[in-house]
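Following: one structure in structure tokens, then a few remarks.
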Amino acid sequence: MMIARLVEELSAVLREPEAEDDFAYGLAHLPAADADVMVNVDPELEDRAGDDEVEVSDLVARVSAFLAITPEQWERIVAQTVAEIEDAAGETIEPTALRDDLDLTSVVVFIDAVLLAFVAPLQLPDGVVRVQLDADFAFEDIEVEIEGVETIAFDGMDELLDHLSEES
């Protein structure tokens, strides 16, 4: 029943919201990025039980707050995303700037975080860039997933260096 209420209340901020399994979704305009984007709202029902259930109004407020981020906040998110990718990848092959190639495709809103999914068809043709924002919509983490390539996550530089030394 919570998902039905969520869909009903999301109609104030999303176009034609719908429910699927344990989440709701709909299209919205993100003015800061001047883009229409699919917004998924996940109350994390499987992770919460009873008293720990997230209030529908709190989730709707999170969606509204995210959609109201300023162009300056958005610019900081994009700049940090580009910097992280370029630092990791070094030189880019395509002459198109990564910043111009990034296209926001979807957003997942949780009560305490937001996940952004970008594609960059020229720079990362088989990739998806996932950026995690914290509760204040500030850049927190990034993951680039390339189709057909195994993704390995490390908790820090020491763990990465240990892994690399084991492989040699």
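The values are calculated or read from the model by the stated rules, or taken from the named source; none is laboratory data. Treat the numbers as computed from the prediction; the structure is a model and nothing was measured. Cβ: placed from backbone, ideal geometry, glycine included. Neighbour counts: every protein chain shown. The protein model used for the area step is the full one, side chains on, heavy atoms only, and it has no ligands, DNA or RNA in it. Shrake-Rupley method; radii C 1.70, N 1.55, O 1.52, S 1.80 Å.
Here are the numbers:
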read-out	value
Listed residues R76, R99 arranged by accessible area, highest first, probe 1.4 Å	R76, R99
Counted charge near A61, where neighbours are those whose Cβ lies closer than 13 Å (Asp, Glu -1; Lys, Arg +1)	-3
